[in-house]
1. Take the residues in the range 108-140 that are among the small types (G, A, S) and within 24 Å of the chain's Cα centre (by Cα), then tell me which one is farthest from N28 (Cα to Cα).
2. So for the range 69-79 (the condition being buried (at least 23 other Cβ atoms within 10 Å of the Cβ) and either more than 27 Å from L172 (Cα to Cα) or of a type in the set (A, V, I, L, M) (or both)), does at least one residue qualify?
3. Looking at the range 366-380, I want the residues that are more than 12 Å from A331 (Cβ to Cβ) and surrounded by 12 or more Cβ atoms within 10 Å (Cβ to Cβ) and have a partner that is of a type in the set (F, W, Y) and at pLDDT 75 or above with Cβ atoms under 9 Å, at least 6 apart or on another chain. Which pairs are those?
4. Go through the range 80-104 and give me each residue that's surrounded by fewer than 20 Cβ atoms within 10 Å (Cβ to Cβ) and farther than 22 Å from N378 by Cα.
5. Specify the residue that is farthest from V132 (Cα to Cα); the eligible residues are those in the range 188-203 that are surrounded by fewer than 22 Cβ atoms within 10 Å (Cβ to Cβ) and not charged (D, E, K, R).
6. Pull out all pairs, ordered by first then second residue, where Cβ-Cβ is under 8 Å, the residues are six or more apart or on different chains, the first lies in the range 180-203 and is of a type in the set (F, W, Y), and the second is at pLDDT 95 or above.
7. Which one of these does S332 not meet: (1) modelled with pLDDT of 85 or more; (2) within 16 Å of A371 (Cα to Cα); (3) among the hydroxyl-bearing types (S, T, Y)?
8. L262 versus (1) crowded, with 19+ Cβ neighbours inside 10 Å; (2) in a helix (DSSP H, G or I); (3) under 21 Å from the mean Cα position of the chain (by Cα): which is the lone unmet condition?
Amino acid sequence: MGATKSHEQNMNMTTPKERLSIILPSYNERENIIPLIKKLLNFDEIFDLELLIVDDDSSDGTSTVVKELCKADPQVRLIRRVGRSGLASAIKEGLLDATGDLAVVMDSDGQHEPSAIKDALIKLKKNNLDLVSGSRFLNDSEILGLSQRRADGSSLANKFSRISLSRNYYHLTDYMSGFLVLNLQTCLPSIYKVDVGGFKFLYELLAVSKGNLKTGEIPLRFQPRTYGDSKLDLSIFWDFLISLLHSLSFRLLPRRAISFALVGLSGVIVQLTTTTILMTMLNMSFRHSLTVSVIAAATSNYLINNALTFRSNRLSGQALLKGLMKFLLVASLPVIANISLATTFYNVVARNEFWAQLIGIVVVFVWNYAASSRFVWNTP
């Protein structure tokens, strides 16, 4: 009897721990990430642990302090990304590089509590799920680190997101969550398909999986940041809008084409407004007004596209001015066509400056998108 008991104890001691990979995407989180890593290292008592810090070449020395931890502890690994950036792409790269059976994705700013990992893993295994996310909007959730304005914005974004996703995910309450626990074996086929130019990794993952993942949620206690500021800005809102339209178009239209088209709509407003002002206030002829307004609209489109559509290849300084010259050169042929078509329509078909200009604008859109993508921002 004693021999049997001793054999069982030896078996328990030699049973390998399950491999857990924790992915921490980071950008300028030097002060927040070290205390978080030290807390997460406690999970090595339960798991064969791997911590993957995917840093977007932080300017505050985040990668330097993480590198020192890597030297001291082989469980910590650093992926320093130079020449590529973005939260969704950092998460995807970390998950594809992970060696664990299970993976955790969480913010590196300390707003996600490490204790949530245990709750999510229990739910994942108990219910045989593929993915468990943390929600800020369940009854037991607490939002301590989010302003009311941002909470309202996230709630609105979730409502719009739901209508673009499979009904199999309607039970979820926070499609914008950055806290995930995944069964890597079952999720990897969908992870490979995630568009890294998207708004939020979870939303993109759910969109490309088309309802085939078994999902659940746990409540989060969303903590305030100890150091630094939120990365939320206009570009984040823009990404959400593009992701939503991309999904609603059944992901048939290229994401950048959608962004380029939306910017083009703003250019339409600039052109129509400028033409009206020049004709009514300065008494310029339609042709002369149109020439000025087309150049103004093209310049406006260029600057907005540089800030939003092609921000991963964003130009600045002298390169910005050179890019504008290239953009106007690339657009010169369709600009001439725009002016000629609009003027002909105005003089021959109908003296209506709105429809005359709209016809010219529609004709040149495809050329501008394809040519400027390749020759101005060097993207395929």
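1. Filtering first and then ranking leaves A120.
2. no
3. Short answer, once both residue conditions are applied: S373/F260; S373/F310; W377/F310; T379/F310.
4. If the condition is that a residue be surrounded by fewer than 20 Cβ atoms within 10 Å (Cβ to Cβ) and farther than 22 Å from N378 by Cα, then R80, E93, L96, D97, T99, D101 are the ones that fit.
5. G197
6. Final answer for the pair search is Y192/L96; F201/I91; F201/K92; F201/V105; F201/L180.
7. Of (1) modelled with pLDDT of 85 or more; (2) within 16 Å of A371 (Cα to Cα); (3) among the hydroxyl-bearing types (S, T, Y), only one is false for S332: (1).
8. (1)
The values are calculated or read from the model by the stated rules, or taken from the named source; none is laboratory data. Everything quoted here is computed from the prediction, not taken from an experiment. Cβ atoms come from the backbone with ideal geometry, glycine included; neighbour counts cover every protein chain shown.
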